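Let me begin by presenting the structure, written as structure tokens, before commenting on it.
The values are calculated or read from the model by the stated rules, or taken from the named source; none is laboratory data. None of the values given here were measured: they were computed from a predicted structure. Note that we place each Cβ from the backbone using ideal geometry, even for glycine, and neighbour counts take in every protein chain shown. Heads up: the accessible areas ignore ligands, DNA and RNA and are worked out on the full protein's heavy atoms, side chains in. Shrake-Rupley method; radii C 1.70, N 1.55, O 1.52, S 1.80 Å.
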Amino acid sequence: MIGLYHPGSSIIHRTPTLLKLLLLSVGVTVVGLLGQPWQLLVALGAVFVLYVVAGIPPRPAWQQIGPILWILIIAVPLQALFAGWTTAGMMAGRLVVAVALAALFTLTTTVTAVLEGFQALLHPFRRWIDADRVGLLVALTLRCIPLVAEIVAEVLEARRARGTQGSLLALAVPVVVRSLYAADAIGEALVARGLDD
């Protein structure tokens, strides 16, 4: 669930938001360029150490990283079919490390800090860009990702209860309908706060 902050006082929690965002960008870029399995194992080890330093318990870490495994269950065999198991394993490893780094950012950074960071980043361009609105957009995005993930989890649970696990339609329709209801509620809340343009 992206956007779920885990309170703490570690050095990672105290690092300025923009610096964390820069380090996240560099880290994901470096991981994307790794070409050897041993390098990926070192990167996985480094991410594990960062989680330990940040004091993130296993449960919230798993809630963030675990859902990517569902994608990998489908993506890895397909990638292996076309490019071989080594390439598929590297792709999976890169994806897991990148998601873990992004999750660490959101687990150690409040939405308010992200909002303020983007406002500071865009301040020099305030003549052309409304930094407050961009910050609000980022904050809403971070909030809506776990909201949609929660909707999907609830629909999957309801599907299992009804015995319709094999039906993609039984997943897609309720998720879309409930997401639209949630978006409507968020829109009404924004209108109530004077953000109706």
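Observations, loosely collected:
- Options 45, 55, 89, 93: the member that is closer than 21 Å to residue 29 by Cβ, more than 17 Å from the chain's Cα centre (by Cα) and surrounded by 12 or more Cβ atoms within 10 Å (Cβ to Cβ): 89
- Only residues that are touching a residue at least 40 places away in the same chain (Cβ under 8 Å) and under 17 Å from residue 94 (Cα atoms) were counted in segment 8-34, giving 6.
- Whether a residue is open to solvent by 50 Å² or more (accessible area, probe 1.4 Å) and modelled with pLDDT under 80 was assessed, and residue 192 passes this test.
- Any chance residue 126 is surrounded by fewer than 19 Cβ atoms within 10 Å (Cβ to Cβ), modelled with pLDDT under 80, of a type in the set (D, E, K, R) and under 30 Å from residue 177 (Cβ atoms): no
- Condition check for residue 42: under 18 Å from residue 5 (Cα atoms) and assigned to a helix (DSSP H, G or I): no
- Near pairs, Cβ below 7 angstrom, 6+ apart or cross-chain, from segment 176-189 (in the same structural domain as residue 140 (by TED's automatic domain parsing) and more than 15 Å from residue 141 (Cα to Cα)) to any residue that is hydrophobic (A, V, I, L, M, F, W, C) and assigned to a helix (DSSP H, G or I): 178/151
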